[in-house]
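Have a look at the structure below before the remarks.
All of the numbers you see were taken from the coordinates with simple rules; none came from a lab. Just so it is clear, the structure is predicted and the values come from calculations on it, not from any experiment. Neighbour counts run over all protein chains shown; Cβ positions are idealised from the backbone, glycine included.
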Amino acid sequence: MENKKCLLIHTPRLFYQEKNICSDINYCAMGLFSLASELEKAGFDSKILNLGIEKYLDKNFSISNYIKQNEIKFVAFSLNWHQQSFDVIETAKIIKENCPDTFISLGGYTATFFAEEIMKDYPFIDAIRSEEHTS
């Protein structure tokens with residue numbers, strides 16, 4: 001049977017303060033919940049993961065190990081706010097390096113607005129959910 005596991009990831013802006021992990025942009029975009037619901041209706045097993053919470057609960061948490069252990073083949077990142085950009089792109093890069101068969105997609109305001117640049121400069125990202133901009 002075909003693997004139909006999807007992981008939707010919220011990646012906050014992560015930083016360390018006095019050896020403690022801290023984060024900004026802690027709330028997941030509401031669209032992740034709608035997307036997870038639609039994936040479930042279509043027969044896919046989907047899960048939303050907040051990387052900030054996982055890192056807070058376990059400072060040694062490895063997203064790549066999680067993906068391998070759960071045999072996930074599709075990962076989508078929410079990239080709504082530009083402050084998340086570095087962490088989202090670096091996390092996607094780490095996943096692709098450790099799980100090269102995992103399909104990686106981005107979505108959200110910032111991903112959409114900078115889709116052309118992101119796809120050109122970061123070849124480890126496989127797709128971006130994009131829509132045309134109107135003035």
>> Quick check: residue separation of Phe33 and Leu57 times 0.36 nm, minus the Cα distance between them. What number comes out in nm?
In response: 6.4 nm
> Lys96: net charge of surrounding residues, Cβ under 12 Å, Lys/Arg +1, Asp/Glu -1, itself excluded?
Replying inline: -3
> Once the piece of chain linking Lys73 and Ala127 is laid out straight, how much longer is it, given 0.36 nm per residue of separation minus the C-alpha distance between them?
Replying inline: 18.1 nm
>> Sort 103-111, 59-67 by the packing proxy (mean of other Cβ within 10 Å over each peptide's residues), most packed first.
In response: 103-111, 59-67
> Label 7 Å along Cα→Cβ of Phe113; region 67-94 residues with amide nitrogen under 17 Å?
Replying inline: 78-89
>> Amide H of Lys73 versus every other amide H placed in the peptide plane: which residues, excluding those fewer than 5 positions away on the same chain, fall under 5 Å?
In response: Lys5
